[in-house]
Amino acid sequence: MNNNKLLKKAYREMLYEYDNHLEVAATVTLKTSALIYDKDYYLPRRQYLNKSVINSTIRYFKAVLTHHLFGNTSKHKNKQDWAKPLIFISIEGLKNHKRPHLHIALGNIPEDKKSSIQQIIESAWQKCDFGNKEVDIKEIYDACGWIDYITKEIGACNDHVLDIVGSVIPNSIKKLVLRMRI
């Protein structure tokens with residue numbers, strides 16, 4: 001087995017451990033440029049999409065989504081173990097001719113937010129400067145299938161498609177997964 005296939009296999013095996021905790025699959029598209037309004041400038045400036053902009057967009061989206069789902073609870077030290085969503089994101093369209101987009105695997109959604117999760121994700125995404133209108137959100141029935149789909153470019157055209165550093169895994173879920181290994 002070559003290194004590319006080993007890398008894809010390793011990423012998938014890591015994500016498969018969390019398959020029982022994934023509830024929602026989302027695909028959101030990115031704008032290739034946006035008008036940014038800075039407080040230091042009177043006129044807006046055009047910013048173009050690049051890796052740095054994508055990373056900051058993902059960070060902002062995760063912060064807004066976490067706030068919509070858990071409110072200020074996620075900021076309390078004694079509640080941070082469970083008061084954040086489980087999030088895995090892959091970034092596609094940077095090394096091919098597709099429109100840049102993100103695939104999101106989401107879990108740890110509070111019960112009272114599950115019925116309105118589509119509106120919550122759409123609202124959080126539309127607050128991002130580079131958030132485009134196309135948003136597709138579905139309940140996950142086959143988590144392993146979604147994991148395979150979001151990692152499909154690894155070893156083919158983009159080994160860095162999975163945003164491992166930006167992944168969010170609540171400690172409460174990490175502990176459950178570790179117990180399952182034993």
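The values are calculated or read from the model by the stated rules, or taken from the named source; none is laboratory data. Keep in mind it's a predicted model, so treat the numbers as computed, not measured. Using ideal geometry, Cβ is built from the backbone for each residue, glycine included, and neighbour counts are taken over all protein chains shown.
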- Keeping to the range 70-122, report how many residues are exposed (fewer than 15 other Cβ atoms within 10 Å of the Cβ), in contact (Cβ under 8 Å) with a residue 24 or more places away in the chain and in a helix (DSSP H, G or I). 2
- Query: Any chance the range 157-169 includes a residue that's surrounded by 14 or more Cβ atoms within 10 Å (Cβ to Cβ), within 14 Å of Ala25 (Cβ to Cβ) and not aliphatic (A, V, I, L, M)?
  - Reply: no
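From the residues in the range 38-58 that are surrounded by fewer than 12 Cβ atoms within 10 Å (Cβ to Cβ) and part of a loop (DSSP other than H, G, I, E, B), which one is nearest to the chain's Cα centre (by Cα)? Quick ask: steps written out before the conclusion?
Kept after step one, since they are surrounded by fewer than 12 Cβ atoms within 10 Å (Cβ to Cβ), are these residues of the range 38-58: 38-46, 48, 50-52.
With part of a loop (DSSP other than H, G, I, E, B) added as a condition, the list becomes 38-44, 50.
Working: Asp38: 26, Lys39: 28, Asp40: 30, Tyr41: 31, Tyr42: 33, Leu43: 31, Pro44: 28, Asn50: 17 Å.
Here the answer is Asn50.
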- Query: How many of the residues in the range 154-182 are among the hydrophobic types (A, V, I, L, M, F, W, C), modelled with pLDDT under 90 and farther than 30 Å from Lys98 by Cα?
  - Reply: 5
- Message: If I filter the range 126-136 down to residues being in contact with a helix residue (DSSP H, G or I) (Cβ under 6 Å, 6 or more places away or on another chain) and not aliphatic (A, V, I, L, M), which single residue comes out as surrounded by the most Cβ atoms within 10 Å (Cβ to Cβ)?
- Response: Phe130
- Query: From the set of residues in the range 8-37 that are farther than 18 Å from Ile91 by Cα and aromatic (Phe, Trp, Tyr), which is nearest to the chain's Cα centre (by Cα)?
  - Reply: Tyr18
- Message: Being assigned to a loop (DSSP other than H, G, I, E, B), out of contact with any strand residue (DSSP E or B) (no Cβ under 7 Å at 6 or more places or on another chain), closer than 20 Å to Ala10 by Cα and hydrophobic (A, V, I, L, M, F, W, C) is the requirement here; does Val177 meet it?
- Response: no
- Message: Just to be sure before I move on: is Ile137 closer than 13 Å to Thr27 by Cβ and either more than 12 Å from the chain's Cα centre (by Cα) or at pLDDT 95 or above (or both) in the structure I sent?
- Response: yes
- Residues satisfying the stated conditions in the range 132-149, i.e. touching a Phe, Trp or Tyr at 6+ places or on another chain (Cβ under 7 Å) and more than 16 Å from Arg12 (Cα to Cα): Val135, Ile140
- Query: Among the residues of the range 129-159, how many are in a loop (DSSP other than H, G, I, E, B) and without any contact (Cβ under 8 Å) to a residue 24 or more places away in the chain?
  - Reply: 3
